[in-house]
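Quick notes on the structure that follows.
The values are calculated or read from the model by the stated rules, or taken from the named source; none is laboratory data. None of these values were measured; they are calculated from a predicted model. Ideal geometry is used to build each Cβ from the backbone, glycine not excepted, and the neighbour counts take in all protein chains shown.
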Amino acid sequence: MQMINRRLLRLALAIQAKLSEPNSGHADVELPSHCWQPCSDLVRKIKRARVHGWQLAAGSLLEDLASSLSLLQGELSAIQQRAKPDGRLAGFSAHEIYNDLASLDEEFDELDFNIRQCQLSVTTESIVLEGVYLGPFEIELTWARLFERDPLPYRIIAKDPHPAESRDNVTHPHVMDELLCEGDGKHAIRRALREGRLLDFFTLVANTLRTYNLSSPFVELALWQANSCSDCGARVCDEESYACQQCGEVICEECESLCRHCEESFCAGCMEVCGACEESFCRACTTVCAACRRRVCGGCLDDQERCTNCHEKPECEDAEKTVGLEVQSHGLGQAALPA
Amino acid sequence: MRILFINNDGGGFADYIDVPPGTNVEWLFAERLQGAKPENYLIRVNRQPAARDQLLAEGDRVSMTPTKIEGATPGQRPCPVS
């Protein structure tokens with residue numbers, strides 16, 4: 001005979017008592033106009049595409065319509081179920097709840113609860129999607145709000161958060177601000193909640209967290225650890241970014257500057273333009289001209305550390321000075337020098 | 001015989017159904033989730049993982065839950081609350 005887990009039994013009784021309260025589970029019924037309108041729009045677009053002879057577009061729109069109709073159908077079924085006098089199955093018996101809790105306790109690494117706050121949570125294993133570590137997630141359900149839809153009665157808490165580099169409130173491709181974008185799992189999750197099937201609910205949410213939908217994440221995994229280019233601000237993933245050899249800042253392919261001498265990568269702020277040849281060099285590959293104090297490259301500097309511009313000027317100046325002097329024919333004397 | 005069948009795929013129906021005596025898990029899966037692949041589902045009987053040839057009994061609780069569930073919906077913008 002299986003041992004009774006008293007801790008879980010007490011929890012099951014508390015949950016069952018709360019869910020059995022009068023008026024619990026009788027949320028207002030609203031028709032799903034938010035699902036109807038997209039279907040109506042798609043039908044109109046399909047008709048227009050066919051009038052214009054755009055068969056490929058019509059075909060693609062038909063696929064979208066099929067998906068939208070599926071959503072509408074699910075919403076209508078859910079409303080129909082809620083409209084029944086007693087739209088709930090035996091999920092709310094303490095026995096069923098207890099069995100669910102016992103299975104959850106075996107299935108997940110951690111199961112925690114707070115009866116006073118009506119909160120029950122399980123923690124998944126560490127989730128890794130396409131090589132990106134996201135850490136374990138705690139699925140926290142407030143059973144007192146089991147039938148609420150806005151806001152949802154549960155949240156997803158990152159236990160070892162590794163959020164997207166660009167948005168720190170996105171801890172998972174489909175979780176933002178601790179709210180899960182349920183997608184394909186929406187109807188099943190909502191139905192499990194309404195029927196008090198806690199094991200199914202937590203399993204469905206966990207399986208959604210374990211799956212990556214490339215077509216519509218909040219942040220794509222390919223850009224999860226993306227950085228911003230320090231020059232233009234564009235998002236770049238690791239494979240398409242470079243580090244400035246001088247300051248270490250991240251730069252994109254477009255903003256990458258190569259030193260003409262050492263051919264290393266630098267950001268715009270760490271590059272210098274040679275005052276003589278006007279080519280681009282890194283700071284380390286330039287030297288200050290001893291005469292004019294401008295930075296020039298090694299190729300434009302002579303042995304006396306004068307740039308080509310300054311190297312030429314002194315010969316001309318010497319010639320000018322020589323022309324202006326009077327030479328004393330006998331012995332030494334003084335002559336006025338030009339200023 | 002009557003069993004509780006929970007389909008957590010799509011609409012997530014949960015209801016009592018009648019199945020012939022001698023029905024096993026594999027037959028029920030093929031009959032209820034036509035075209036689906038069993039390896040993509042977590043199939044439980046009375047909350048325990050079940051073998052394909054496990055025979056069902058009166059009052060059994062059978063659930064079939066997809067292991068891969070895509071968050072957000074193709075063609076729609078992702079949103080935390082719909």
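Below is a table of values for the structure above.
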| quantity | calculated |
| --- | --- |
| Close pairs from the range A:165-188: first crowded, with 19+ Cβ neighbours inside 10 Å, partner outside any loop (DSSP other than H, G, I, E, B) and modelled with pLDDT under 90, Cβ under 6 Å, at least 6 apart | A:187/A:74 |
| Residues being surrounded by fewer than 16 Cβ atoms within 10 Å (Cβ to Cβ), at negative phi and not in a helix (DSSP H, G or I) - total across the range B:28-41 | 3 |
| Test: residue in the range A:211-226 that is hydrophobic (A, V, I, L, M, F, W, C), buried (at least 24 other Cβ atoms within 10 Å of the Cβ) and within 10 Å of chain B (Cβ to nearest Cβ) | no |
| Criterion: surrounded by fewer than 21 Cβ atoms within 10 Å (Cβ to Cβ), β-branched (Val, Ile, Thr) and more than 14 Å from chain B (Cβ to nearest Cβ) - qualifying residue of A:122, A:132 | A:132 |
| In the range A:227-256, the residues that are in contact with a helix residue (DSSP H, G or I) (Cβ under 6 Å, 6 or more places away or on another chain) and crowded, with 18+ Cβ neighbours inside 10 Å | A:231, A:244 |
| Lone unmet requirement of (1) outside any strand (DSSP E or B); (2) free of Cβ contacts under 8 Å to residues at least 60 places away in the same chain; (3) within 13 Å of chain B (Cβ to nearest Cβ) for residue A:102 | (2) |
| Filtered residue count, the range A:158-190, keeping only those that are touching a Ser or Thr at 6+ places or on another chain (Cβ under 9 Å), more than 8 Å from chain B (Cβ to nearest Cβ) and modelled with pLDDT of 90 or more | 8 |
| Residue A:199 being part of a helix (DSSP H, G or I) and out of contact with any Leu (no Cβ under 9 Å at 6 or more places or on another chain) | no |
| Residue check for residue A:230: hydroxyl-bearing (Ser, Thr, Tyr), facing chain B (nearest Cβ under 7 Å) and without any contact (Cβ under 8 Å) to a residue 60 or more places away in the chain | no |
